[in-house]
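Asks: Structure below; questions to follow.
The values are calculated or read from the model by the stated rules, or taken from the named source; none is laboratory data. Note that the structure is a prediction, hence the values are computed from the model and not measured. We place every Cβ from the backbone using ideal geometry, glycine too, and count neighbours over all the protein chains shown. Surface accessibility is based on the protein's heavy atoms, side chains included, excluding ligands, DNA and RNA. Shrake-Rupley method; radii C 1.70, N 1.55, O 1.52, S 1.80 Å.
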Amino acid sequence: NPMESDYDVIYKVLVIGESYVGKTSLINSMRHETYTRNLMPTVGVDFVNQDYDVDGHRVRLQIWDTAGQERFRDINKFMYRGTKGLLLVFDITDKNTFDSINYWMRTLAEADIDSEEVIIVGNKCDLWWQRKIKLAAAEKLAKYHSSKYFETSAKENTNVTELFSQMAYDLVEAN
Ligand code: GDP
Ligand code: MG
């Protein structure tokens, strides 16, 4: 039946974080695209759909990439409308991007942006020899913000599928 929807529920998920941490690469990696091949625009926002089966629920994540909104004053509040999940990404080799997590959390709270699920993501874990942020420090920060923590490599496709599946699972649990 063409009138029948191919999903039961749809959740909007936003990927945010500083420039160059690998937001676009993570989405491309999740889509099993070559991580260097930019499918997403480098400015503005766009989204891709990814479907999951969570205990028999057909869940569609509508995943929005962001760019050029790295400073909160540039964030268009409408972009956050209806957002259920946030992936807050930093780069484990760049301490500034880690420090910015607190800044993001504070500004989201101040703007009354209330999502149901926030996962903090330490990307570029393939560059372990350049690591600036210890795993324990990242886990501590995530715990402080009542978030889960994932370490990923968009380049090597490490833990990327797990990350997005976890978001789908958590959103079903929360709803
Ligand atoms: P965005 O600005 O947050 O969307 O970041 P991009 O996805 O454009 O990635 C910024 C740069 O980091 C690019 O040169 C990517 O190839 C690189 N990059 C992204 N993810 C990884 C990763 O997991 N490992 C490594 N080594 N490089 C990555
Ligand atoms: Mg990008």
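Asks: Name the one entry in 156, 173 that is surrounded by fewer than 19 Cβ atoms within 10 Å (Cβ to Cβ), touching a residue at least 12 places away in the same chain (Cβ under 8 Å) and of a type in the set (Asp, Glu). Show your work before the answer.
Replies: On the way: 173 fails: touching a residue at least 12 places away in the same chain (Cβ under 8 Å).
Every option except 156 fails the conditions.
Asks: Tell me, please, whether a residue that is over 16 Å from residue 23 (Cα atoms), of a type in the set (A, V, I, L, M, F, W, C) and free of Cβ contacts under 8 Å to residues at least 40 places away in the same chain can be found in segment 78-93.
Replies: Yes.
Asks: Of everything in segment 76-126, what is open to solvent by less than 40 Å² (accessible area, probe 1.4 Å) and in a helix (DSSP H, G or I)? Give them in sequence order.
Replies: Passing the criteria: 79, 80, 97, 98, 100, 101, 104, 105, 107, 108, 125, 126.
Asks: Still on this structure, please answer the following. Collect the residues in segment 18-40 that are near ligand 2 (Cβ under 10 Å from one of its atoms), modelled with pLDDT under 90 and more than 27 Å from residue 6 (Cα to Cα), keeping them in residue-number order.
Replies: 38
Asks: Please pick out the residue among 139, 156, 117 that is within 20 Å of residue 61 (Cα to Cα) and of a type in the set (Asp, Glu). Lay out the reasoning, then the answer.
Replies: Working: 139 fails: within 20 Å of residue 61 (Cα to Cα); 156 fails: within 20 Å of residue 61 (Cα to Cα).
The unique qualifying residue is 117.
Asks: Here's a follow-up. From the residues in segment 52-75 that are within 16 Å of ligand 2 (Cβ to nearest atom) and modelled with pLDDT of 75 or more, which one is surrounded by the fewest Cβ atoms within 10 Å (Cβ to Cβ)? Full working, then the answer.
Replies: Of the residues in segment 52-75, the ones within 16 Å of ligand 2 (Cβ to nearest atom) are 63-71, 74-75.
Still in the running and modelled with pLDDT of 75 or more: 63-67.
Numbers: 63: 24, 64: 21, 65: 21, 66: 21, 67: 16.
Among those residues, the one meeting the criterion is 67.
Asks: Report whether or not residue 132 is of a type outside the set (Asp, Glu), assigned to a loop (DSSP other than H, G, I, E, B) and within 16 Å of ligand 2 (Cβ to nearest atom).
Replies: Details: of a type outside the set (Asp, Glu): yes; assigned to a loop (DSSP other than H, G, I, E, B): yes; within 16 Å of ligand 2 (Cβ to nearest atom): no.
Spelling it out, it is not the case that residue 132 is of a type outside the set (Asp, Glu), assigned to a loop (DSSP other than H, G, I, E, B) and within 16 Å of ligand 2 (Cβ to nearest atom).
Asks: While we're on this one: Have a look at 135, 163 and point out the one that is within 15 Å of residue 89 (Cα to Cα), surrounded by 16 or more Cβ atoms within 10 Å (Cβ to Cβ) and among the aliphatic types (A, V, I, L, M). Before the answer, list the steps.
Replies: Values: 135 fails: surrounded by 16 or more Cβ atoms within 10 Å (Cβ to Cβ).
It is 163.
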